[in-house]
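Written out below as structure tokens is the structure these notes cover.
The values are calculated or read from the model by the stated rules, or taken from the named source; none is laboratory data. Being a predicted model, the structure only gives us computed values, none of them experimental. So basically every Cβ, Gly included, is an ideal-geometry build from the backbone, and we count neighbours across all protein chains shown. Side chains are part of the model used for accessible areas, which takes the heavy atoms of the whole protein and leaves out ligands, DNA and RNA. Shrake-Rupley method; radii C 1.70, N 1.55, O 1.52, S 1.80 Å.
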Amino acid sequence: MLFGTFMNTLTANILNRLRTSDGYLSGGELCREFGMTRSAVWKHISQLRNQGYTIEAVTGRGYRLDGGPCIPVPEEVSPLLTTKRFGRNLVFHEEVDSTNLQAKILARQGAAEGSVIAADTQTGGRGRMGREWVSPPGVNLYFSIILRPSVPPMRFPQIPLLAAAAIHQALDTAVGRLGLMIKWPNDILVKGRKFCGILCEMESEPDMTHFVIVGVGININLRDIPERIKETATSLFLESGREYCRPDILAAILNRFEPPYEKWLEAEDLSGLLPYLERHSWLKDRPVRVEHHNENLTGRVRGISRTGELMLEAEDGKMHALSSGEAHIRK
Ligand code: BTN
């Protein structure tokens, strides 16, 4: 279901006015500014309250916004954006099969670069290697960004790492010192458990990229982890004991992602990001087993190449550059 009618423009404008007001805003001022009667103002305030906004009303002083419903709808995310393109077109679904699938449909129809498709819940959330991405409503972030990078398709494997670094930076700033780590190619972990996954998909011709979808799932306020993934998965709430506001996190990620993406388009490779990726790498210098094209390779991770491959030193000393795969730490 599309949540396009979350609120009408006038209600959204009143909300924004309350947002930017320092303290209370009188009913009279709202009437003057928006050319409406007191009872009309009251109706808009009631509507906002019904949608989960906390608005204090004090006689003689007016209205003050005290909190929002923390749903990643455009009305909540847009005021927080500092981007040129990322998130400027944001489509929110209350329920959808998969935001990656919807993003692909919109990209094929010509949606602009930076368009974002977000959902409160997914009925067919997908992870890497055909896995399911558990997507319950009301607690997490599920979104997909449409990119149209004017670079050859062979640079595609660099995009998940670019996204992982940007998302890591945004989350690290938002949640403080939880010690978040990046696991090549595109997971973010806390205390060795995964709470954020990235699924990048591309449509291209041999020497031309049509579009790339960067799909991101983040377990934010999730309290109950399904039994089958309890060993390996977690959420920001479970690790910090705090709840986070989803629109704040989505806006922070989009704000952090756009500038390095634009730099990367002009650069040749990931060189500029390698120090950051290495500093926060979960795998660096650890013994691993990597599932790579139906083969198991063992060795020690030595780093990430400028073009995004995992550099694995095998037990015979030979260095392998792996462009894809799933790494497991060996005990
Ligand atoms: C993984 O770690 O396997 C990647 C998980 C990616 C999940 C996100 S949720 C939003 C977007 N829509 C999907 O169906 N998948 C991605």
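Could you tell me which residue of the range 141-160 is farthest from the ligand (Cβ to nearest atom), considering only residues that are part of a loop (DSSP other than H, G, I, E, B) and in contact with a Leu (Cβ under 8 Å, 6 or more places away or on another chain)?
Ser150
Name every residue in the range 49-74 that is outside any loop (DSSP other than H, G, I, E, B), closer than 30 Å to Phe143 by Cα and modelled with pLDDT of 90 or more, in order of residue number.
Across the range 49-74, the qualifying residues are Arg49, Thr54, Ile55, Leu65, Asp66, Pro74.
Starting from the range 203-222, take each residue that is without any contact (Cβ under 8 Å) to a residue 60 or more places away in the chain and list its partners that are open to solvent by 10 Å² or more (accessible area, probe 1.4 Å) and part of a strand (DSSP E or B), counting only C-beta distances under 7 angstrom and pairs at least six apart or across chains.
Qualifying pairs under 7 Å: Ser204/His210.
Any idea which residue in the range 185-206 is nearest to the ligand (Cβ to nearest atom), counting only those that are outside any strand (DSSP E or B) and within 18 Å of Phe257 (Cα to Cα)?
That would be Asn186.
For the range 281-309, what are the residues that are assigned to a strand (DSSP E or B) and either surrounded by fewer than 18 Cβ atoms within 10 Å (Cβ to Cβ) or at positive phi (or both)?
Answer for the range 281-309, where residues must be assigned to a strand (DSSP E or B) and either surrounded by fewer than 18 Cβ atoms within 10 Å (Cβ to Cβ) or at positive phi (or both): Pro287, Arg289, Glu291, His292, Glu295, Asn296, Thr298, Gly299, Arg300, Arg302, Gly303.
In this structure, does Ile117 turn out to be open to solvent by 10 Å² or more (accessible area, probe 1.4 Å), within 15 Å of the ligand (Cβ to nearest atom) and assigned by TED's automatic domain parsing to the domain that holds Ile198?
no
Can you tell me which residue is most open to solvent (accessible area, probe 1.4 Å) among those in the range 143-194 that are basic (Lys, Arg) and touching an Asp or Glu at 6+ places or on another chain (Cβ under 6 Å)? Walk me through how you get there before you give the answer.
We begin by selecting, within the range 143-194, every residue basic (Lys, Arg); these are 148, 155, 177, 183, 191, 193-194.
Still in the running and touching an Asp or Glu at 6+ places or on another chain (Cβ under 6 Å): 148, 194.
Working: Arg148: 78, Lys194: 54 Å².
By that ranking, first place goes to Arg148.
Name the single residue that is surrounded by the most Cβ atoms within 10 Å (Cβ to Cβ) among those in the range 195-240 being closer than 18 Å to Val139 by Cβ and of a type in the set (Val, Ile, Thr).
For the range 195-240, the residue satisfying everything is Val216.
Which residues, taken from the range 44-65, are over 18 Å from Thr20 (Cα atoms) and free of Cβ contacts under 8 Å to residues at least 12 places away in the same chain?
Correct list: Ser46, Asn50, Thr59, Gly60.
Please go through (1) more than 24 Å from Gln122 (Cβ to Cβ); (2) away from the ligand (no atom under 13 Å from the Cβ) for Ala166 and return the number of the only condition it doesn't satisfy.
(1)
Could you name every one of the helices (runs of 4 or more DSSP H) located completely within the range 207-280 that has at least 1 residues being more than 20 Å from the chain's Cα centre (by Cα)? Talk me through it step by step, then tell me what you get.
Values: elements: 236-240, 246-266, 274-279.
In the range 207-280, 246-266, 274-279 are the helices (runs of 4 or more DSSP H) which contain 1 or more residues that are more than 20 Å from the chain's Cα centre (by Cα).
How many of the residues making up the range 306-316 are at pLDDT 95 or above, out of contact with any Gly (no Cβ under 6 Å at 6 or more places or on another chain) and over 23 Å from Lys194 (Cα atoms)?
Qualifying residue count for the region: 2.
I need the full set of residues from the range 125-140 which are in contact with a Phe, Trp or Tyr (Cβ under 9 Å, 6 or more places away or on another chain) and within 7 Å of the ligand (Cβ to nearest atom), in order please.
Gly125, Arg126, Gly127, Trp133, Ser135
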